Amino acid sequence: MNDNPGWASPGSSPSDDRGTGTPGPAGTPDTPSKWSKEQPPAGRWAPPTGHGGGVPPQAGGPGWGGGPQQGGWGRPPAAKPGVIPLRPLGVGEILDGAVSTLRAHWRTVLGITVTVSVITQILDVLVQRYLVPQPSGLDPNATPEEVLDQLGEQLNTTLVGTAPVTAIALIATLFTTALLTVVISRSVLGREVTLSDAWREARPRLPQLLGLTLLLPLIAGAVLVVGMLPGLLLGSTGGAVLAVLGGIAGMVVAVWLMIRFALASPALMLERQGVIQSMRRSAKLVRGAWWRVFGILLLTMLLIFIVSLIIAIPFGLIALAVDGGGLSGMFSGATPGFGWPFLIITGIGAVIASSITYPISAGVTVLLYVDQRIRREALDLELARAAGVGGHGAVPDDAAPRS
């Protein structure tokens, strides 16, 4: 393993064959290894201090993890050179590792997220102010046909306003994912990383990451269209019901695929693989752990939503009070205008929320990738060796479950 974030040689798939040189938890294979021959020297593990006379600490005391690879009386605890212990991780440890990365490398992380968020919000404010048309209200005296026409106009207005905003968000996600993946991969080893280091590592992978970022939503959209298309072609009441059922089925398939490919971006960035190869890599790592990955990502989305809501509500109330006819305007039924004060205040709230939620989202995804490789490929041994604590990790006879 090298010191850089690339933890597997390009084109290698350690999940495919455990007998092709990929280190495992038991023994050393006879075939040549695919890992880099230039490895840092393994560090010596010293007994924990503060217990006197080399007596091992009591189970449950400091230094003893509660995961499946917890040490025993003759076994050292898992090494923790960075933000996570080098062993299979629990849900809380993955979330804590994402937050710990933000705390440990706050200058670099906030430098990335604040810069991207500010640029994104400036573009978003300009788009809403000058490109998005104001929605027209519904005429209470309109006939049913006129109401349908007005609803269609509002839908077109919404789509016109959503397209540029979605494109801006896509670009922001691209840059934050690329840069934060490098930062988090270094934080696992306890290495410092600057903004320039992260940019230098991530820049060559941006075209491939852009392709992946565009391809995944297209796949999900295509699945939804295929599911709804038969009902839409019928055009009758039965066709509408069939379209709804097909849309639900398509949504289920799309969610299944998106979770299956959820680890493609860290695989692309850290293993230097192409778009299709990274998707196949993600599918192999998620296989057999779909519900676990789904549950962790769903929990992360819920936490991010709550954090964003907590930050957005005060700024939204202030924006309405300043530029929406006062707080009483919220209950008058009038639609607040997109004045400069309203857009600026809500934009500041969005910058603060994004600066906090971007690192958590990216951190969970990368650490999930690391966790799955630890469980399937004993990546903890390679990480410990690269961090200089090779004698402090899992022992060869460890029978802890890894999958």
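Results, tabulated for the structure shown:
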{"read-out": "Cα→Cβ-extended label distance, 7 Å offset, between LEU233 and THR115, nm", "value": "5.0"}
{"read-out": "Full-extension gain in nm, LEU170 to ARG287, via 0.36 nm per residue minus C-alpha separation", "value": "39.4 nm"}
{"read-out": "Listed peptides 264-276, 81-93 by packing density, highest first (mean Cβ within 10 Å)", "value": "264-276, 81-93"}
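The numbers here are math on the coordinates, done by the rules we state, and not lab data. Note that the coordinates shown come from a computational prediction; the quantities given were computed from them, not determined experimentally. As a convention, Cβ positions derive from the backbone with ideal geometry for all residues, glycine included, and neighbour counts pool all protein chains shown.
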